[in-house]
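Here's the structure, in structure tokens; my notes come after.
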Amino acid sequence: MAHRLSNAVVISSAIAVVLIALQQTTHALPGSGQSFTLDRERCHGVVRAGKNDCGTAKHACAGRATRDAQGDEWLMLPGGTCDRIAGGSVKPPSVGVT
């Protein structure tokens, strides 16, 4: 009987340690002390035709880019990514430029 009790204590202790680790490092359990955010940015000029994320002054829907690398079309990317892509800009082009 003592053997069963010690196994139960070891197993329940291991489960408690795993739950505490999950709570501290993820959002898997309520009451997590940390909050995770992912900065996002619009990246203009890197879209392939038909693969844009949202509308522009010329249309209101995603997927309507008519050609590759249009300056006014954009994708939503993780923050800091756009500057590392050739032709990418976080600022839209001047009015009248495509």
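A few points about this structure:
- Among residues of the stretch 48-61 that are open to solvent by 50 Å² or more (accessible area, probe 1.4 Å), those with a beta-carbon under 9 Å from a residue that is hydroxyl-bearing (Ser, Thr, Tyr) and in a loop (DSSP other than H, G, I, E, B) at least six positions away or on a different chain give the pairs 58/66; 58/98.
- When residue 95 is tested against (1) modelled with pLDDT of 85 or more; (2) open to solvent by 40 Å² or more (accessible area, probe 1.4 Å), only condition (1) is not met.
- Taken across the stretch 34-44, residues that are out of contact with any Asp or Glu (no Cβ under 8 Å at 6 or more places or on another chain), at pLDDT 90 or above and open to solvent by less than 40 Å² (accessible area, probe 1.4 Å) do occur, with at least one present.
- Matching residues, the stretch 45-63, being of a type outside the set (A, V, I, L, M, F, W, C) and modelled with pLDDT of 80 or more: 45, 48, 50, 51, 52, 53, 63
The values are calculated or read from the model by the stated rules, or taken from the named source; none is laboratory data. Note that this is a predicted model, so its numbers are computed, not measured. Glycine also receives a Cβ, built like all others from the backbone with ideal geometry; neighbour counts cover every protein chain displayed. Just the protein is used for accessible areas: all its heavy atoms, side chains included, with ligands, DNA and RNA removed. Shrake-Rupley method; radii C 1.70, N 1.55, O 1.52, S 1.80 Å.
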